[in-house]
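The values are calculated or read from the model by the stated rules, or taken from the named source; none is laboratory data. Quantities reported herein were computed from a predicted structural model and do not represent experimental measurements. Cβ: placed from backbone, ideal geometry, glycine included. Neighbour counts: every protein chain shown.
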Amino acid sequence: MGLYDRIVVPTDGSASSRPAIDHAIKLATVHDATIHALYVVNIASFSGVPTEGSWEGVSQALEREGQEALDIVEAACEAREVPVERLRLEGRPSQRVVEYATEEDGDLIVMGTHGRGGLDRLLLGSVAERVVRSAPVPVMTVQAGEESDLTAMPE
């Protein structure tokens, strides 16, 4: 048993999340840990979308995007023989990540950060920053620009 048994890895499927995924898998290999891959759909951000026929299309697109994001993590874990659990959640991303890590006894959260600052950060907020401030477990952030073994994987 290593220092970390359950490493929570939130992902949005973007290329900028891949260095964090790669880093988490390397840690899992060293500590014989399981990766818990999370994709959180922020339903609140779609509250202005008309709910009649168009919501079904948006919902399907979000479901597909989430599955593709989780597929990337799962494929990377399988390639390195690291156990992985995958879960798609709905809600405010920072809140759901912290809730999951708390409820499932996560030992570490590893997530990417875009490294935004100044006005961008004020206007957009930072999921990573909110997770760091509220998580009861250690949080490791990995800059989007770092090299990754996953950067060659197709999006």
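This table checks each residue for (1) modelled with pLDDT of 95 or more; (2) touching a helix residue (DSSP H, G or I) at 6+ places or on another chain (Cβ under 6 Å); (3) of a type in the set (Ser, Thr, Tyr); (4) more than 24 Å from residue 104 (Cα to Cα).
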| position | (1), (2), (3), (4) |
| --- | --- |
| 3 | no, yes, no, no |
| 7 | yes, yes, no, no |
| 18 | no, no, no, no |
| 26 | yes, no, no, no |
| 31 | yes, no, no, no |
| 36 | yes, no, no, no |
| 49 | no, yes, no, yes |
| 66 | no, no, no, no |
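Looking at (1) at pLDDT 95 or above; (2) loosely packed, with under 12 Cβ neighbours inside 10 Å, can you tell me which one residue 56 breaks?
For residue 56, the exception is condition (1).
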